[in-house]
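Chemist: Sharing a structure, written as structure tokens. Questions coming.
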Amino acid sequence: MRTAPEMIAPGVLALLLATLLVACNKPAASPGASAAASAAPIAEAPTTPPDGEVCALLSDAEVRAVFPSAGAGKAENTRAKYGIKACTWDGTFGRFAVQLMPADQVDANRTMRSMADGFIDPLRADAKQHVRFEPLQGLGADATAVLEPMDAAKGITTEVAMLAAVKGQTTLMILSDGLAGGDRTQGLATLQALGQKAYARL
């Protein structure tokens, strides 16, 4: 049973974004390593995407075509000093977010595998084996998506729907509530379609 969106959405995305800070600034972790084990002070990024750029990657209408209750996109720049800027849309479904960050020579698939530490049980050595990392087309090399429901038996601690793609020196991330509980094929197609629109505008 899902936790109420207004309770789960900000916390889940904050957890994933915090994990991403570690993923972008640390070498690849050894298999089975926990997010806590790889945490360390993080150097500030030399550049950040321009203000307003992220919210221009998808229109409110494009987001509402998938999530009719979504409000207007809002810039979220609290992590700008790390080179991360985002735009978020909130609604009864939870939260949808697009974010940009410097690629730092980290490919999209590696980024996704590092982020998995944010939603798997760190005490389960086999948990990441149950996460399906799906390659995507039309989003550059190594573009990857993850869409999984919460499954304690597999060590997946919360539902997750997100993708990562790299274009030039920028990594594009899309993270969403409200997709993992439905049809998996349709959810992945939705992530890919929104990702392709945003990717084309980078």
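The values are calculated or read from the model by the stated rules, or taken from the named source; none is laboratory data. Only a predicted model underlies this, so the values are computations on that prediction, with no experimental measurement involved. Heads up, the Cβs are rebuilt from the backbone with ideal geometry, glycines too, and the neighbour counts pull from every protein chain shown. In case anyone asks, the SASA skips ligands and DNA or RNA and just uses the protein heavy atoms, side chains included. Shrake-Rupley method; radii C 1.70, N 1.55, O 1.52, S 1.80 Å.
Chemist: Taking a probe of 1.4 angstrom, what is the accessible area of GLU134 in Å², to the nearest 10?
Modeler: 50 Å²
Chemist: Quick one: if you take sqrt(5λ) for each eigenvalue of the C-alpha gyration tensor of the stretch 44-202, what semi-axes come out, biggest first, whole angstrom?
Modeler: They are 23, 19, 15 Å, listed from largest to smallest.
Chemist: Are any of the pairs LYS167/LYS197; LYS81/LYS128; LYS85/LYS167 more than 18 Å apart by Cα-Cα distance, and if so, which?
Modeler: LYS81/LYS128
Chemist: When all protein chains stay in place, what accessible area (Å², nearest 10, 1.4 Å probe) is found for ARG64?
Modeler: Here the accessible area works out near 90 Å².
Chemist: Given the whole protein assembly as supplied and a 1.4 Å probe, what does the accessible area of MET150 come to in Å², nearest 10?
Modeler: 110 Å²
Chemist: Moving on to the next point. How big is the C-alpha Rg of the stretch 64-106 next to the rule-of-thumb value 2.2 N^0.38 Å, as a ratio?
Modeler: 1.35
Chemist: Amide H of ALA103 versus every other amide H placed in the peptide plane: which residues, excluding those fewer than 5 positions away on the same chain, fall under 5 Å?
Modeler: THR170, THR171
Chemist: Shifting gears a bit: Applying 1/(1 + (r/R0)^6) with R0 = 30 Å to the Cβ-Cβ distance of ALA152 and ALA56, what FRET efficiency is obtained, to the nearest 0.05?
Modeler: 0.15
Chemist: While we're on this one: With the Cα gyration tensor of the stretch 112-191 giving a ≥ b ≥ c as the square roots of its eigenvalues, does the rule (a/c under 1.5 for rounded; else a/b larger than b/c for prolate; else oblate) give rounded, prolate or oblate?
Modeler: It is oblate, given that a/c is not under 1.5 and a/b is not larger than b/c.
Chemist: If you don't mind, another one. Mind giving me the nanometre distance, one decimal, between the label points for HIS130 and LYS197, set 7 Å out from Cα along Cα→Cβ?
Modeler: Calculated label separation equals 3.3 nm.
Chemist: Keeping all protein chains in place and using 1.4 angstrom, which order do THR111, THR92 fall into by accessible surface area, from largest down?
Modeler: Correct descending sequence by accessible area is THR92, THR111.
Chemist: Here's something else I'd like to know. Quick one: divide the alpha-carbon radius of gyration of the stretch 153-202 by 2.2 N^0.38 Å and tell me what you get.
Modeler: 1.28
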